[in-house]
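**Q** Pasting a structure here, questions to come.
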């Protein structure tokens, strides 16, 4: 004899798949895991041309947005005077707010924003802000890079153009041009 007819066709059995249930499906191989090189990250390099506001006024606002977005940032400059000026700007750019930061020192690793002149970044940043035109050779450790330059300085403008051309064809890097619009808002221009 055998099993009743309704059991042979998978009717009436709960909690268990019927014997012939998968027979009518098309077989396919299981999904392959993604390999490391398939997960290629792209670093966005934002070129910010300063027009009406100085660096001391622009950078704290950009860093505030970056920290709010979960980024850990490093601001790199080879000029200690620029770093001291930016340190003061981050303390006092707005009376009602505070951006936790440190200049190279013992508490640098714990801060979301690090001001440094060196190549080693203690806070493990995923965003770098370049304020003196010296882009690092390898941008792949960072998710984003901010390249701020004075649009009124012909030398800074020419250097920014050279960096743009060099980065435009580099794999894993996307340059984006930001221009200061009306009301001080940043507009993507290229």
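**Q** Sort out which residues of segment 159-176 are in contact with a strand residue (DSSP E or B) (Cβ under 8 Å, 6 or more places away or on another chain) and farther than 19 Å from residue 132 by Cβ, and write them in order of number.
**A** Of everything in segment 159-176, those that are in contact with a strand residue (DSSP E or B) (Cβ under 8 Å, 6 or more places away or on another chain) and farther than 19 Å from residue 132 by Cβ turn out to be 168, 172, 173, 174, 176.
**Q** Can you find a residue that is assigned to a loop (DSSP other than H, G, I, E, B) and modelled with pLDDT under 85 anywhere in segment 54-71?
**A** Among the residues of segment 54-71, not one is assigned to a loop (DSSP other than H, G, I, E, B) and modelled with pLDDT under 85, which makes the answer no.
**Q** Is segment 23-41 home to any residue that is in contact with a helix residue (DSSP H, G or I) (Cβ under 9 Å, 6 or more places away or on another chain) and modelled with pLDDT under 90?
**A** Scanning segment 23-41 turns up no residue that is in contact with a helix residue (DSSP H, G or I) (Cβ under 9 Å, 6 or more places away or on another chain) and modelled with pLDDT under 90.
**Q** Could you say whether any residue in segment 101-113 is in contact with a helix residue (DSSP H, G or I) (Cβ under 9 Å, 6 or more places away or on another chain), touching a residue at least 24 places away in the same chain (Cβ under 8 Å), more than 15 Å from residue 148 (Cα to Cα) and surrounded by fewer than 18 Cβ atoms within 10 Å (Cβ to Cβ)?
**A** Checked segment 101-113: no residue is in contact with a helix residue (DSSP H, G or I) (Cβ under 9 Å, 6 or more places away or on another chain), touching a residue at least 24 places away in the same chain (Cβ under 8 Å), more than 15 Å from residue 148 (Cα to Cα) and surrounded by fewer than 18 Cβ atoms within 10 Å (Cβ to Cβ).
**Q** How many of the residues making up segment 90-118 are over 22 Å from the mean Cα position of the chain (by Cα) and in a strand (DSSP E or B)?
**A** 0
**Q** In addition: How many residues are outside any loop (DSSP other than H, G, I, E, B) and exposed (fewer than 13 other Cβ atoms within 10 Å of the Cβ) if we restrict to segment 119-169?
**A** Counting residues in segment 119-169 that are outside any loop (DSSP other than H, G, I, E, B) and exposed (fewer than 13 other Cβ atoms within 10 Å of the Cβ) gives 8.
The values are calculated or read from the model by the stated rules, or taken from the named source; none is laboratory data. In this text the structure is predicted, and so the values were computed from the model without any measurement. Every residue, glycine as well, gets a Cβ built from its backbone with ideal geometry; the counts of neighbours run over all protein chains shown.
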